[in-house]
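Below is one structure, written out as structure tokens; comments come after it.
What follows is calculated from the coordinates using simple rules that are stated; it is not laboratory data. Fair warning: this is a prediction, and the values are worked out from it, not measured in the lab. Glycine also receives a Cβ, built like all others from the backbone with ideal geometry; neighbour counts cover every protein chain displayed.
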Amino acid sequence: MMKTISLLFLFLALNAVGQDAGALHPWTDLKGRTLQAKFLKADAASVTIDWNGQVFALPLNTLNPESQALASKLGARSKPSGPAVTGIHPWTDLKGRTLQARFLKADATSVTINWNGQVFTLPLNTLQPQSQKLAAKLRAAARPKPPAGSTSLGLEATDPEGELDLSAEQVWTSSDGNPLKGRFVEVNDANLTLSTLGGRREVTIPLSRLSVDSQALAKKLKTLAVSEAKKLAALAKTRSKMKLPKVTEADLDREHDWNSSENQAIKATFVDANDEYVTIFLSDNPTRTFELPWTKFNPTSQALAEALRRKKEEIMPKNPKIIPAKGGRMAAYGSGRFRGYNSIFQSVLYDVALHQNGNVVHLWLKSPGSSRNATDGKRANERPIAIHFSSHYYDRSDPERVRHRHRKIVAYDVSPEPSMDREITTLSGTFDNNGTFEYEMEINHRGLGFWGKLKDPAGEEWPTRMSIGVRTPDVAPEAINMSMEQIMPIIGDGALYIDPIEEKRAKLPFTEKWDDLMRRFKGNDWNPIKSAELMGKPFGSHKIKVTPTNTKGMRLAWGKGYSGVFPFQSVHIGYTSEDDKYRYGVPKNRRLNIFATRGT
């Protein structure tokens with residue numbers, strides 16, 4: 001076991017061996033049997049001894065701890081000391097006491113050593129400066145050296161003398177050879193700022209920690225950025241006078257034909273634009289955004305991007321009206337397509353919005369159109385999939401009529417302001433029984449994740465339980481007045497697919513009645529499940545997969561939504577705990593994930 005300890009303790013425990021390596025030593029196995037023999041050599045797995053002229057290699061794991069330590073100590077003494085990383089080195093504390101021990105590893109705050117077969121971790125701030133420098137030197141020497149021109153991960157470092165592109169991610173290297181991919185943002189006399197993880201995070205790095213080549217790269221890109229800024233300022237004036245194509249709100253969701261400044265054609269969906277970049281989704285990579293400078297587009301595509309930019313600002317102005325939070329209602333947008341919602345996320349595949357009540361998240365799928373290259377795709381605005389946090393209890397005030405009720409949110413203590421670009425949203429507040437809750441959700445281009453927790457007040461008579469539910473909308477609301485022949489073209493091959501714990505995947509067609517499905521798929525063989533997936537005509541080319549990160553102690557189950565006769569009138573997938581350990585919430589490591597992807 002590794003121990004964090006000071007040199008003072010080691011000196012108090014120090015017992016010098018003072019024995020000749022060629023002398024007889026006691027070697028004791030795990031059963032207590034002892035053999036007197038000469039030490040010859042030792043490695044990480046065994047010790048070699050001379051017993052009455054016969055040589056034996058004893059596995060260290062067959063010896064007791066004292067004999068293992070003796071083997072390590074004598075093995076260390078038998079090797080010549082020197083500058084090697086794994087050799088014996090002097091370690092001196094702030095009081096001048098020195099200990100000879102083998103270096104194992106070091107980090108920014110400590111050094112780990114092997115002294116007489118025992119492993120100890122010494123805080124660097126208890127050692128003298130020369131020992132701290134020795135730890136840093138040995139730490140650096142222990143790192144594998146990358147080949148010339150590459151990083152320790154095999155990535156080719158960006159050449160500052162090569163052709164540079166401000167919109168591309170560069171491979172930067174630290175002074176000790178570690179790589180980092182990121183797009184240049186800015187640099188000053190002390191620090192470099194990079195955009196990483198596809199634009200989702202910015203990091204600032206001291207220039208002194210970069211390699212000479214990366215420092216030169218930063219200066220080159222700064223010069224290029226200044227030149228580019230002048231071009232963009234001139235281009236902004238030109239765009240203000242451009243003749244723009246007419247676009248509608250629906251065009252914001254459609255795929256468009258774009259042309260680069262070299263007249264290379266691409267198909268992509270507009271996401272956003274500012275005075276520097278146009279952000280798009282490429283058709284063949286709809287889970288990642290790309291920021292491209294205006295100068296990367298030809299004049300026709302620049303005009304299209306400017307028209308879409310203005311249309312988006314018209315629908316969702318930069319300074320929209322905000323309805324302030326009040327009691328159990330969060331602050332929300334007061335106008336536009338997301339009126340009444342707090343947190344919004346838009347992608348080429350779906351729009352997601354958190355309702356101001358804090359309980360419900362709506363997911364609108366976006367159709368790619370009648371064919372891959374068609375531009376008639378649109379969002380199904382009126383009927384989203386609903387993901388809801390449910391904090392419920394059983395009212396037993398009338399023993400003969402137990403009622404299932406929901407806790408009402410009466411106040412928020414963490415209520416984020418409305419946002420169009422927040423990935424992780426945390427809500428917390430108070431229920432009507434003075435219990436507390438915390439709901440969390442992560443929403444981005446990769447998918448949606450939900451988790452949370454709650455706490456009842458002391459002495460609560462009717463305990464609260466948290467669950468997370470996914471409910472599909474009625475995709476044929478007029479079905480009550482229609483025949484099955486009329487319904488079929490709307491429903492098509494729509495179905496719920498379930499993955500039971502033990503059984504093979506099963507298909508539940510939307511055209512079969514719930515009563516028939518419940519008879520076919522009843523019992524513990526079909527509920528709970530590991531995951532569920534929705535697909536078919538009502539969902540266009542999308543596949544919507546509902547799956548927990550970990551089902552241990554949790555329960556994912558499918559069933560009827562609302563009171564419809566057919567599954568197309570609504571499916572409910574509920575997620576809660578089976579184990580009382582998780583009764584008061586869904587842990588982050590057991591979060592419920594929803595992935596909406598396009599099928600092939």
Could you check the simple spin-label distance between Leu124 and Ile322, using points 7 Å along Cα→Cβ, in nm with one decimal? 4.3
Regarding segment 448-510, what's the average projected area of the Cα-atom convex hull, expressed in nm²? 8.5
Set Lys243/Lys537; Lys507/Lys552; Lys230/Lys366; Lys243/Lys267; Lys453/Lys537, cut-off 31 Å on Cα-Cα distance; pairs above it are Lys243/Lys537; Lys230/Lys366; Lys453/Lys537
Quick check for me: using +1 on Lys/Arg Cβ and -1 on Asp/Glu Cβ, what's the dipole size of the chain about its Cα centre, in debye to the nearest 20? 640
Relative contact order computed over the chain (Cα-Cα under 8 Å; 6+ residues apart), in percent: 6
Taking all pairs of different Cα atoms in segment 170-237, averaging 1/r and flipping that mean, what Kirkwood radius in angstroms comes out? 12.6
Check Ser419: other-chain or 5+ apart residues with amide H under 5 Å from its amide H, H built from backbone geometry? Ser343, Ile344
Using Cβ contacts closer than 10 Å as the measure, can you line up Ser110, Ser343, Ser175 from fewest to most? Ser175, Ser110, Ser343
Can you tell which of Ala44, Tyr277, Pro65 lies farthest toward the positive end of the dipole of the chain, using +1 and -1 charges on the Cβ of basic and acidic side chains (Lys, Arg; Asp, Glu)? Pro65
Taking r as the C-beta separation of Leu94 and Ser208 and R0 as 41 Å, the FRET efficiency to the nearest 0.05 is 0.90
When the label point is put 7 Å from the Cα of Arg505 along its Cα-to-beta-carbon vector, which residues of segment 536-570 have a backbone N closer than 16 Å? 536-537, 542-548
Give the lysines reachable from Lys41 as a straight Cα distance under 29 Å; neighbours fewer than 8 places away on the same chain don't count. Lys3, Lys31, Lys73, Lys79, Lys105, Lys137
Given Cβ charges of +1 for Lys and Arg and -1 for Asp and Glu, the option among Ala140, Ser301, Thr248 whose Cα lies farthest towards the positive end of the dipole of the chain is Ala140
Let's test the formula: R0 of 30 Å, r as the Cβ-Cβ distance of Lys137 and Lys181. What FRET efficiency results, to the nearest 0.05? 0.60
How would you classify segment 368-525 from its alpha-carbon gyration tensor, with a ≥ b ≥ c the square roots of the eigenvalues: rounded for a/c under 1.5, else prolate if a/b is greater than b/c, otherwise oblate? oblate
Calculate for the chain the 222 nm mean residue ellipticity that helices alone would give, adding -39,500 (n - 2.57) per DSSP H run of length 4 or more and normalising by residue count, nearest 500 deg cm²/dmol. -5000 deg cm²/dmol
Can you tell me how much longer the chain between Arg519 and Leu35 gets when fully stretched, taken as 0.36 nm per residue apart minus their C-alpha distance, in nm with one decimal? 166.9 nm
Per-pair calculated FRET efficiency, R0 = 45 Å: Glu163 and Glu423 via Cβ, rounded to 0.05: 0.85
Hey, what did segment 170-237 get for relative contact order, percent, Cα under 8 Å, at least 6 apart? 26
Ranking of Thr92, Thr248, Thr98 by count of other Cβ atoms within 10 Å, fewest first: Thr248, Thr98, Thr92
Full-stretch length increase - Asn274, Thr295 - with 0.36 nm per residue and alpha-carbon distance subtracted: 6.3 nm
Largest first and in whole Å, give the semi-axes of the chain's equivalent ellipsoid, each being the square root of 5 times a Cα gyration tensor eigenvalue. 58, 39, 24
